[in-house]
1. Among the residues of the range 108-136, write down those that are closer than 24 Å to GLY30 by Cα, surrounded by 15 or more Cβ atoms within 10 Å (Cβ to Cβ) and not hydrophobic (A, V, I, L, M, F, W, C).
2. Tell me, yes or no, whether the range 141-158 has at least one residue that is surrounded by 13 or more Cβ atoms within 10 Å (Cβ to Cβ) and modelled with pLDDT of 80 or more.
3. Identify, from the list ARG111, ARG84, the residue that is closer than 24 Å to GLU43 by Cβ and basic (Lys, Arg).
4. Looking only at the range 22-46, count every residue that is loosely packed, with under 15 Cβ neighbours inside 10 Å and either modelled with pLDDT of 95 or more or under 19 Å from HIS6 (Cβ atoms) (or both) and tell me the total.
5. Does at least one position in the range 48-58 carry a residue that is free of Cβ contacts under 8 Å to residues at least 40 places away in the same chain, within 28 Å of VAL85 (Cα to Cα) and under 20 Å from the mean Cα position of the chain (by Cα)?
6. Condition first: over 10 Å from LEU72 (Cα atoms) and within 17 Å of the chain's Cα centre (by Cα). Now tell me which residues in the range 12-40 satisfy that.
Amino acid sequence: MITRRHPLVSPSPGTTRELLSLHYGPTGTGRKAAIQASLHADEVPGLLVAHHLRRRLAGLETAGALRGEIVLVPFANPIGLSQRVLQSVEGRFDLASGENFNRRYADLVPRACELLLPQLGGAATPTVAMVREALRQACAELPAATSSTACDARCSGSPSTPRSCSTCTATTRRYCTSTRRPSCGATSSRSRG
């Protein structure tokens, strides 16, 4: 098993947050499955399943029984896990913004399409490799955001002429936080929905 720690932007100085991913089985085989638990941090059954799955996957890996890579993210929402109100985990919604953690996904498709169109030439259908690379690049262009950073519809600008956002002070980005549409000059890895 390979353990990877993915640092997250901290909400305040002197503190750290990270996302843990556990990688089992052979890499580079083309086969890969990702399993995550507790995106809504207050949903505890997934944590229990992930705990038992770790042991089972370790045993299968030791026995050489895994044919591809399995990535387990046992705590997919460390931010939600840290939110407590009256001794209870309140991990479904971000307490700072009210956003549902399970609805905060960046829409990479518009940017991936922008990247793919020049490559297609006369071809009508992009290859799987082309689509994956465009999605990787669109994802890499997303900036990190703190757990409480959110810009809203007050952003101004367009993809070709990015301007500033009155909320998050972004100046050179492609997508608005609130809409994740390329009609705004600012971006973040969050979206509302």
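1. Matches in the range 108-136: PRO126, GLU133.
2. Yes, the conditions are met somewhere in the range 141-158.
3. ARG84
4. Looking only at that region, the number is 4.
5. yes
6. Scanning the range 12-40 gives ARG17, GLU18, LEU19, SER38, LEU39, HIS40.
The values are calculated or read from the model by the stated rules, or taken from the named source; none is laboratory data. Given the structure is predicted, the values throughout are model-derived calculations rather than measurements. Note that each Cβ is placed from the backbone with ideal geometry, even for glycine, and that neighbours are counted across all protein chains shown.
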